[in-house]
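Below is one structure, written out as structure tokens, with a few remarks after it.
The values are calculated or read from the model by the stated rules, or taken from the named source; none is laboratory data. Everything quoted here is computed from the prediction, not taken from an experiment. All Cβ positions, even for glycine, are placed from backbone atoms using ideal geometry, and neighbour counts span all protein chains on display. Accessible surface areas use protein heavy atoms only, side chains included; no ligands, DNA or RNA. Shrake-Rupley method; radii C 1.70, N 1.55, O 1.52, S 1.80 Å.
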Amino acid sequence: MKTYYDPDDLKKFGKIKDFQPELGEKFFDYYGSVFEEGALTAREKSLIALAVSHAVQCAYCIDAYTEDAMEKGCDEEQMMEAVHVAAAIKSGSTLVHSVQMMNKYKQLSM
Amino acid sequence: MGVLTHKSLSAQKHELSEVDRQLELLKQADLTPFQDKLSETDLFPLKALNVDVFQINVGKMCNQVCNHCHVDAGPDRKEIMTRETMQQCLDAIDKTTCSTVDLTGGAPEMNPDFRWFVEQLSAKGKKIIVRCNLTIIVANKKYNDLPEFFKKHKIEVASSLPYFTSAKTDAQRGDGVFDKSIKALKMLNEVGYGKEGTGLVLDLVYNPSGAFLPPDQLSLQADFKKKLKTRFDIVFNQLYAITNLPISRYLEYLVASENYEGYMNKLVEAYNPVAASNVMCRNTISIGWDGYIFDCDFNQMLDLKVAAKGQHLKDFDIESLVNRTIIVNQHCYGCTAGSGSSCGGTVA
Ligand code: SF4
Ligand code: SF4
């Protein structure tokens, strides 16, 4: 194993079933159902997935959902806006925790 | 992202302007042969069902040099159909019961005999489709009245528009193409095209600006309708989402951008036997500018002539064409991926 990430490994995702078929099967069934057209369109779900991929910083997911979003008819502007949503929530969640820091600061200060 | 060269592969003397080189490259890819895929569902040999559509390529000359063009068309291409060959087309059409004549190019309107040809076809009462690249309408004063001419002959206009923004459109079709296309669409709308109740059909053709597959046709159509209406007050009838086939300039793009292997794998993985049973070549024949007959416009560009008795209009033999076996190759995977692809959009 020369690298931790290999783009070709993405194609082997299905192989996780080799080590635990039953749970793997259940996961892929669930995964497939989640992304079906529902109350949200398949395109909206793809953009959410793209944003979450960035939030969890998964190289495989970014690769897969960039392509998926393009194949769902999204353009670069929409895709970047989705990533900004993830970034805003991530930075917002960091900053909103500073209220806790401020509370503690005030508690410890004279 | 690609850079538009403004020259056809042929003018650049690019190795991929040669058919043999393209076929060699398609063969090299380490993929299941298309005919084996067809065999899995008893579709090989692939047989024609009828000849309902005559798709006629009246020449490779075009005012644009799009990045993905499977014709390798452009202003530097001089191959165009003569009136004599058009007459042979008309004679051949008379020997069939075809319902539709689909005119393509290049920019078909640049052929000096285009209007004459349309008038003859119109007199035969056939449904006529013109694959209009839109910008030709505003390219020169002499083309400004095309919307009126189309209307007079109740032509169905099918026009490429890869996206409702200029960035994506211009990246594929050339700088300024989006703005000119919008202008032309407005001119078509003005004479009634795309408007309810007029019977004048204006369809748009989407193809991906890159190495990915097209989105779902209906959802994309809804998006296009909404965006074109609100942003530009433009209306149209249907949107066809078509897949780019790995030949000519699109093949060159795939190779140069190192997407060739990935794209071919994607097409093979997305193979859909339902789409395969509905491929357009089963009810179409394609005529080249010089009168040769092919299964489709793609086979025409690869110089894969029909496997029928008469391979040229002068020996036109409808019986043999209706009963022919279609010549397939690895590029055919482009017609069978996902919901399938044809000149009329998805097929499955
Ligand atoms: S894709 Fe159409 S408009 Fe573009 S160069 Fe080819 S023939 Fe011309
Ligand atoms: S490329 Fe032509 S011959 Fe091949 S499946 Fe498509 S329409 Fe038929």
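A compact table of results
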{"read-out": "Output for segment B:165-213, where each listed residue is within 18 Å of B:N67 (Cα to Cα), polar (S, T, N, Q) and free of Cβ contacts under 8 Å to residues at least 24 places away in the same chain", "value": "B:T165, B:S166"}
{"read-out": "Selected residue [over 22 Å from A:G73 (Cβ atoms), open to solvent by 10 Å² or more (accessible area, probe 1.4 Å), more than 16 Å from ligand 1 (Cβ to nearest atom) and acidic (D, E)] from B:E252, B:E319", "value": "B:E319"}
{"read-out": "Conditions (1) in a loop (DSSP other than H, G, I, E, B); (2) over 30 Å from B:N265 (Cβ atoms); number of the one not met by B:L185", "value": "(1)"}
{"read-out": "Tally of residues being in contact (Cβ under 8 Å) with a residue 24 or more places away in the chain, assigned to a helix (DSSP H, G or I) and over 15 Å from B:A48 (Cα atoms) across segment B:305-331", "value": "4"}
{"read-out": "Positions within segment B:74-116 being open to solvent by less than 10 Å² (accessible area, probe 1.4 Å), in a helix (DSSP H, G or I) and away from ligand 1 (no atom under 16 Å from the Cβ), in sequence order", "value": "B:M86, B:C89, B:L90, B:A92, B:I93"}
{"read-out": "Hey, A:I62 of a type in the set (A, V, I, L, M, F, W, C), more than 12 Å from chain B (Cβ to nearest Cβ) and farther than 20 Å from B:G262 by Cβ or not", "value": "no"}
{"read-out": "Breaking point among (1) under 23 Å from B:D102 (Cα atoms); (2) surrounded by fewer than 20 Cβ atoms within 10 Å (Cβ to Cβ), for B:K183", "value": "(1)"}
{"read-out": "Segment B:127-157: number of residues that are part of a helix (DSSP H, G or I) and among the hydrophobic types (A, V, I, L, M, F, W, C)", "value": "7"}
{"read-out": "Test: residue in segment B:125-135 that is within 16 Å of ligand 1 (Cβ to nearest atom), closer than 28 Å to B:R231 by Cα and among the charged types (D, E, K, R)", "value": "yes"}
{"read-out": "Flag for B:L90 being touching a strand residue (DSSP E or B) at 6+ places or on another chain (Cβ under 8 Å) and away from ligand 2 (no atom under 16 Å from the Cβ)", "value": "no"}
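Here's the yes/no breakdown for (1) among the hydroxyl-bearing types (S, T, Y); (2) closer than 24 Å to B:L220 by Cβ; (3) open to solvent by less than 40 Å² (accessible area, probe 1.4 Å):
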| position | (1), (2), (3) |
| --- | --- |
| A:L23 | no, no, no |
| A:D29 | no, no, no |
| A:S33 | yes, yes, no |
| A:L47 | no, yes, yes |
| A:L50 | no, yes, yes |
| A:H54 | no, no, no |
| A:C58 | no, no, yes |
| A:A69 | no, yes, yes |
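This table checks each residue for (1) open to solvent by less than 30 Å² (accessible area, probe 1.4 Å); (2) in a helix (DSSP H, G or I); (3) within 14 Å of chain A (Cβ to nearest Cβ); (4) closer than 24 Å to B:T135 by Cα.
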residue: B:S209; (1), (2), (3), (4): no, no, yes, yes
residue: B:Y240; (1), (2), (3), (4): no, no, yes, yes
residue: B:E261; (1), (2), (3), (4): no, yes, yes, no
residue: B:D303; (1), (2), (3), (4): no, no, no, no
